[in-house]
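Read through the structure below, which is laid out as structure tokens, and then see the notes.
The values are calculated or read from the model by the stated rules, or taken from the named source; none is laboratory data. This is a predicted model, so every value here is computed, not measured. Glycine gets a Cβ as well: all are built from the backbone with ideal geometry, and neighbour counts include every protein chain shown.
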Amino acid sequence: MTTENQNLFRRLFLTVLRVAIGWHFLYEGLSKILSGNWTSSGYLLNTSGFLSGFYHGLAHNPAILKVTDLMNMYGLLMIGLALFIGLFIRFAAVSGIVLLSLYYFAYPPFGNPLVNTAEGHLFIVDKIFIEAIALFILLISKEKGFGIDSISGLFGNHRKDHIPGSPGENPSSRREVLKNLATLPVLGFMGWGAIRNLNTYGADVMSGATIKLKETDLSELKGPLQTGKIDKHEISRLVIGGNLIGGWSHSRDLIYVSTLFKAYNTEKKIYETLMLAENAGINTINIGFPTNPVIAKYKKITGSKIKVISQVGPNMEKNDYYDFINQAIDYGVDIIQIQGNWCDWLIRDNKIDVVGKMMDRIRSQHYTAGLAAHSIESLLICEENGIIPDYYMKTMHHDQYWSAHPREYRFPFEVDGKEYLEHNRFHNNMFCLFPEKTVEFVNRIKIPVMGYKVLAAGALEPKDGFKWAFDNGADFICVGMFDFQIVEDVNIAIDTINNTSRARPWCG
């Protein structure tokens, strides 16, 4: 290959590289401007890198956020346009590197790969890093490829009164001008295609380097979430439940839903959900025992301070009442609670002594001891036998919803996992069988109560379920939430607590 051909190939390569990066920037800016209401708020608030404080500060100040949004949108647009047509290439390259660096350190691809990367389990090198390196190569390279910048150099040695296109013009110069302007019709064609695509399918505001990781926006929070005390622990009044994470859907006869929950709640999604919950003010999670490993891992690699309530039961295979209690302690949980179904089963089968022994074991290890139940009879019998926990956890919801089975077909201890073929009998559709008995019990006792199943496994709207539980005496509520529901649920909890008409004084 001749030197001339080598030079031409180099120019073509650099031109294609520059134009490709330019189009990426240009389209990113254009799509955000055309969306009409794009903001970087969610992107900034959800950053998790070591500079997250800086990005959060930008998002929390409305004036600075507005400037940040404008600089982001129009900076992308102008940098992209300059790179595409080859104008002010050095300045555009430097500006592009600075902007990409800000994106890179917002979600750095190092440290914990499950929480710090936006686009995969990468280490150090991601597509933002590669694009910045490419811009750096364009910056330090003497050859910039074909573009408008080259036209000024092309005519720099000609007479000042020379008019391009005059009879005396060098034909090779005319060809050079055409080569350096070749990106303009390409820009026109791609721009026309992009506008047509945007008009047809809508603006792509989730694209590329400034992808918004979550649909929820922490800036929409109405204020701090209220807290209360259980024993020595300061607990948010709204506690996130572990059923959606563990795949316990209580979805009646929709047998695919549990698998769907697990498919959505990957380990990374669980981490994102918990981080969002903590940032929204939820400081406690109540989990089924099998979820302990993933929560312990989350706390270890993120340094999270979220309090963990672990549900336990006796290990009947080993005839060991304390096995799962000991394992929960080894996982580093904060509070240990006898699981609702197990309490019901043990009381139903006249094994109340097992409940007492497990409570004693939890307290002997200096842990806060909780007692949960679906059937109010379980808690009444424990109370009669002197088994009083540090807090109760009781299913609390009314029965005014379509799938609630008729009252005459409800029986104590029915909520034990067994389902019936008879249409009117229990089939995973009701968890507080006799609401009035639950309300009477809750309003009589003097220790904290955490209500759960307050939405009847999705049968009730949060505004309805939260209000009923708090108005009828719950001090805390435990609610399963997907990530996109957290901000809304926190806001509903804040409003409900501020406007509750409860008769029972707050306990804790």
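Looking at VAL94, VAL67, just one residue is among the hydrophobic types (A, V, I, L, M, F, W, C), assigned to a helix (DSSP H, G or I) and over 30 Å from LEU276 (Cα atoms), and that residue is VAL94. In summary, LYS351 fulfils each of the numbered conditions (1) more than 28 Å from ASN428 (Cβ to Cβ); (2) surrounded by fewer than 23 Cβ atoms within 10 Å (Cβ to Cβ) with the single exception of condition (1). On the stretch given as region 384-406, residues that are touching a residue at least 12 places away in the same chain (Cβ under 8 Å) and not in a loop (DSSP other than H, G, I, E, B) total 5.
Results for (1) in contact with a Ser or Thr (Cβ under 9 Å, 6 or more places away or on another chain); (2) within 23 Å of GLU377 (Cβ to Cβ); (3) among the aromatic types (Phe, Trp, Tyr), shown as yes or no for each residue.
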| residue | (1), (2), (3) |
| --- | --- |
| PRO412 | yes, yes, no |
| GLU436 | no, yes, no |
| ARG444 | no, yes, no |
| GLY458 | yes, no, no |
| ASP471 | yes, no, no |
| MET481 | yes, no, no |
| GLN485 | yes, no, no |
| ASN498 | no, no, no |
| SER501 | no, no, no |
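When we screen GLY281, GLY313 for residues that are assigned by TED's automatic domain parsing to the domain that holds CYS478 and within 30 Å of TYR107 (Cβ to Cβ), the only hit is GLY281.
Would you check which residues across region 337-376 are among the charged types (D, E, K, R) and either touching a strand residue (DSSP E or B) at 6+ places or on another chain (Cβ under 8 Å) or not assigned by TED's automatic domain parsing to the domain that holds VAL439 (or both) and list them? Show your work before the answer.
Within region 337-376, the first condition is being among the charged types (D, E, K, R), and the residues that meet it are 344, 348-349, 351, 353, 357, 360-361, 363.
ASP344, ARG363, listed by residue number.
Scanning region 266-293 for residues that are closer than 19 Å to SER310 by Cα and either over 16 Å from the mean Cα position of the chain (by Cα) or polar (S, T, N, Q) (or both) turns up THR273, ASN283, THR284, ASN286, ILE287, GLY288, PHE289, PRO290, THR291, ASN292, PRO293.
Give me the residue from region 489-508 that is hydrophobic (A, V, I, L, M, F, W, C) and more than 13 Å from ASP475 (Cβ to Cβ) and, out of that set, surrounded by the most Cβ atoms within 10 Å (Cβ to Cβ). Give the derivation first.
Of all residues in region 489-508, those hydrophobic (A, V, I, L, M, F, W, C) come to 490, 492-494, 497, 503, 506-507.
Pick out the ones that are also more than 13 Å from ASP475 (Cβ to Cβ) and you get 490, 492, 494, 503.
Values: VAL490: 27, ILE492: 21, ILE494: 19, ALA503: 10.
Taking the candidates together, the pick is VAL490.
Just one residue in the set TYR322, TYR409, TYR401, TYR420 is more than 18 Å from VAL449 (Cβ to Cβ), touching a helix residue (DSSP H, G or I) at 6+ places or on another chain (Cβ under 7 Å) and either of a type in the set (Ser, Thr, Tyr) or loosely packed, with under 15 Cβ neighbours inside 10 Å (or both); that residue is TYR322.
Residue-wise test of (1) in the same structural domain as THR395 (by TED's automatic domain parsing); (2) over 19 Å from GLU220 (Cα atoms); (3) of a type in the set (A, V, I, L, M).
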{"site": "GLU461", "(1), (2), (3)": "yes, yes, no"}
{"site": "GLY465", "(1), (2), (3)": "yes, yes, no"}
{"site": "PHE470", "(1), (2), (3)": "yes, yes, no"}
{"site": "GLY473", "(1), (2), (3)": "yes, yes, no"}
{"site": "ILE477", "(1), (2), (3)": "yes, yes, yes"}
{"site": "PHE482", "(1), (2), (3)": "yes, no, no"}
{"site": "GLN485", "(1), (2), (3)": "yes, no, no"}
{"site": "ALA493", "(1), (2), (3)": "yes, no, yes"}
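For the residues LYS463, LYS394, LYS446, LYS453, the requirement of being within 32 Å of the chain's Cα centre (by Cα), surrounded by fewer than 18 Cβ atoms within 10 Å (Cβ to Cβ) and under 25 Å from GLN226 (Cα atoms) singles out LYS463.
Taking each residue of region 249-267 that is in the same structural domain as ILE295 (by TED's automatic domain parsing) and over 15 Å from THR291 (Cβ atoms) and looking for partners that are part of a helix (DSSP H, G or I) and hydrophobic (A, V, I, L, M, F, W, C) with beta-carbon atoms closer than 7 Å, six or more apart or interchain, yields SER251/VAL257.
Conditions tested, residue by residue: (1) of a type in the set (Phe, Trp, Tyr); (2) touching a residue at least 40 places away in the same chain (Cβ under 8 Å); (3) surrounded by fewer than 16 Cβ atoms within 10 Å (Cβ to Cβ).
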site: SER304; (1), (2), (3): no, no, no
site: GLY332; (1), (2), (3): no, no, yes
site: TRP342; (1), (2), (3): yes, no, no
site: TRP345; (1), (2), (3): yes, yes, no
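For the criterion of being among the aliphatic types (A, V, I, L, M) and free of Cβ contacts under 8 Å to residues at least 12 places away in the same chain, ALA296 fails. Residues of region 288-322 that are farther than 19 Å from VAL355 by Cβ and among the polar types (S, T, N, Q): THR291, ASN292, THR302, SER304.
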